[in-house]
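Since every read-out is calculated from the coordinates, none of them should be taken as a lab result. A quick note: this is a predicted structure, and the numbers were derived from the prediction, not measured. When we count neighbours, we look across all protein chains shown, and the Cβ atoms used for this are built from the backbone with ideal geometry, even at glycine.
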Amino acid sequence: MLETVALNDTSVDCSAYSEIPKYQPVEYLVKWATLPWEVEQAMQIRRDVFCEEQGIFDGNDRDEIDDKAQIIVAISCEAGHPDTVVGTVRIHQEETGVWFGSRLAVHQHYRSQGKLGASLIKLAVSSANWLGCRTFLAHVQSQNVLFFRRLHWDILQEETLLNRSHHLMQARLEKYPPFQTPIDGFVIQTRS
C-alpha cells in the first residue's frame, strides 16, 4: 500500500524511498525539512533503519523529542529538482545553548555516496551554531564513533542506550561555522 501526503490538490508518493534507484544521482540538496512529504519520507527512512534494519524499535522510533526537533533531510535531485529524501537527522535544543543531534539515517541504497551522512551532520551542527549553540552533543552508536571522530567530534563517555553500546560525543564547534540559511540548505555533489 502506498503512503501519500496531500499537498493542496496533489498527492506525493512517499513510497519512493524503498525503491531501488535506477540511477545514482550525483546531486543532493541538504536542508531543513519544510514540506510534509519531506518529513514523511524522513520518518519512513528512520523506520526502515532503526526498526527494520537494526531492530532497535518495534514499528516506530518516534518519541517526545520529535515534538520539538527540527528535521534535516538530504534529498536526491533529478534534473536539478528535489526528488526523494534519502537521508535524515534531527536536532533539538535541550537547554539554552545545549543542542543534540539524533536519529541520523541514510537509506541503504545511498550509503555508498560517501558524503550524505557527513553533510547532514554539517548542516545539523552549523545551523545549531547559527542559533546560539555553545555545545552540540550526540549519542553515537559505537560502530559509528570513528566516522564522527573524522568529522571533528570528541568522545566524552561510553554508555549503553537501548541495549546497545554508544558514546556520548561532542562536536568541535569551531569546525562548523554558523550556517544562516538552513531552510534553503546547500547542494552537494557526490561521485557518480
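Each of Cys133, Cys77 was scored by other Cβ atoms within 10 Å of its Cβ. Listed from fewest to most, they are Cys77, Cys133. The alpha carbon gyration tensor of the stretch 48-113 gives principal lengths a ≥ b ≥ c with a/c of 1.5 or higher and a/b no greater than b/c, which makes the shape oblate. The label-point distance for Ser165 and Ser112, in a model that sets each label 7 Å from Cα toward Cβ, rounds to 2.9 nm. Computed log10 I(q)/I(0) for the stretch 41-86 at 0.18 Å⁻¹: -0.63, from the Debye equation with unit scatterers placed on every C-alpha and solvent omitted. Summing charges over neighbours of Ala105, with a neighbour being any other residue whose Cβ is under 12 Å away from its Cβ, gives +1 when K and R count +1 and D and E count -1. The slack between Asp58 and Ile183, meaning 0.36 nm per residue of separation minus the straight C-alpha distance, is 41.8 nm. Spatial offset of the stretch 132-192 relative to the stretch 40-99 amounts to 15 Å, using the alpha carbon center of each. Evaluate the Debye formula for the chain with equal point scatterers sitting on the alpha carbons, no solvent, and hand back log10 of I(q)/I(0) at q = 0.08, 0.12 Å⁻¹, in q order, two decimals. One equal scatterer on each Cα of the chain leads to -0.25, -0.57. If you count Lys pairs in the chain whose Cα atoms are under 23 Å apart, skipping same-chain pairs closer than 8 places in sequence, the total is 8.
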